[in-house]
1. Quick one: in the stretch 26-63, which of the residues that are part of a loop (DSSP other than H, G, I, E, B) and of a type in the set (Gly, Ala, Ser) is farthest from Leu8 (Cα to Cα)?
2. Could you tell me how many of the residues in the stretch 64-77 are outside any helix (DSSP H, G or I) and either within 20 Å of Val22 (Cβ to Cβ) or acidic (Asp, Glu) (or both)?
3. Looking at the stretch 48-71, I want the residues that are without any contact (Cβ under 8 Å) to a residue 12 or more places away in the chain and have a partner that is surrounded by 11 or more Cβ atoms within 10 Å (Cβ to Cβ) with Cβ atoms under 7 Å, at least 6 apart or on another chain. Which pairs are those?
4. Just give me the residues in the stretch 27-47 being more than 17 Å from the chain's Cα centre (by Cα) and at negative phi, in sequence order.
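The values are calculated or read from the model by the stated rules, or taken from the named source; none is laboratory data. Every value quoted in this text rests on a predicted model; they were computed, and no experiment measured them. Glycine gets a Cβ as well: all are built from the backbone with ideal geometry, and neighbour counts include every protein chain shown.
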Amino acid sequence: MTTDDAILKGFAARSPEQAKVVGKPFSEEKYGIGLPKGDTAFTKAVSDVLQKSFDDGTWQKVYDGTLGKSGSPATPPKLDS
């Protein structure tokens, strides 16, 4: 089966005895958060919360408790504002 990386990891995390993520990705799928164009204050607030979660380990903890159960390591996130 092939689909988006996060979806594959979700399948594998939910049913590790039936599914496993194997091989290397053959495409890169970026995720984003849609915000009102020009709303720099809201963009900064969202970016700050995300950055804090990366810095304090919250993001990794959430990943480990969900998609990490697939056995696939996390790809470190990158903020593009």
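1. Let us first name the residues in the stretch 26-63 that are part of a loop (DSSP other than H, G, I, E, B), namely 26-39, 56-57.
Restricting the remaining residues to those that are of a type in the set (Gly, Ala, Ser) gives 27, 32, 34, 38, 57.
Numbers: Ser27: 13, Gly32: 18, Gly34: 23, Gly38: 34, Gly57: 23 Å.
Per the stated criteria, the residue is Gly38.
2. 6
3. Ser53/Trp59; Tyr63/Ala74
4. Here is the first cut: in the stretch 27-47, the residues more than 17 Å from the chain's Cα centre (by Cα) are 35-45.
Within the stretch 27-47, Leu35, Pro36, Lys37, Asp39, Thr40, Ala41, Phe42, Thr43, Lys44, Ala45 qualify.
Conditions tested, residue by residue: (1) among the aliphatic types (A, V, I, L, M); (2) exposed (fewer than 13 other Cβ atoms within 10 Å of the Cβ); (3) modelled with pLDDT of 85 or more.
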site: Arg14; (1), (2), (3): no, yes, yes
site: Glu17; (1), (2), (3): no, yes, yes
site: Ala45; (1), (2), (3): yes, yes, yes
site: Leu50; (1), (2), (3): yes, no, yes
site: Lys69; (1), (2), (3): no, no, yes
site: Ser72; (1), (2), (3): no, no, no
